[in-house]
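The next block holds one structure in the form of structure tokens; read it before the comments.
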Amino acid sequence: MPYNNGSIRAAIALVSLIAAAISFALLTPAVEQGMLISAGSVYALEDWKTEFESVCAKTQDPGILSDDELKKLVDRCDKLRPFIEKLDETQRKVYLKRLQMCRNLFSFILESREKK
């Protein structure tokens, strides 16, 4: 039996609507009780993590970076710290340690160049 595009689209729309309604019904009590974080918070969480990965990726070969780039990376590390401090204890310890190690490396390179 051949299907036409209209009936397939209608079926997909119906299934999507039902899934959304079920999700809303199940998640509303959890949101009201503060058990879930908002979409904006999720975005902020993912945003800091992307920035963290971007900054710490520069530790692979920091010697080729200019002094200006290194100073900007140190500033970016400092700006990331407050976001990481809001994480749960285990994640906070791990990411703060890693961030501090990245920052220390950038600072060390800057300081060693200034001594020369």
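The values are calculated or read from the model by the stated rules, or taken from the named source; none is laboratory data. Treat the numbers as computed from the prediction; the structure is a model and nothing was measured. Counting neighbours? That spans all protein chains shown, and the Cβs are built from the backbone with ideal geometry, glycine included.
For this structure, a couple of remarks:
- Filtering segment 88-116 to residues that are touching a residue at least 40 places away in the same chain (Cβ under 8 Å) and over 12 Å from Cys56 (Cα atoms) leaves Ile109, Leu110, Arg113.
- Answer residue from segment 48-78, given it is free of Cβ contacts under 8 Å to residues at least 24 places away in the same chain and farther than 19 Å from Ile109 by Cβ and is farthest from the chain's Cα centre (by Cα) among those: Glu53
- Per-region count, segment 46-68, residues surrounded by fewer than 14 Cβ atoms within 10 Å (Cβ to Cβ) and of a type outside the set (Gly, Ala, Ser): 9
- Of Phe106, Phe83, all but one fail to be surrounded by 13 or more Cβ atoms within 10 Å (Cβ to Cβ) and at pLDDT 95 or above; the exception is Phe106.
- Glu46 at pLDDT below 85 and of a type in the set (D, E, K, R): yes
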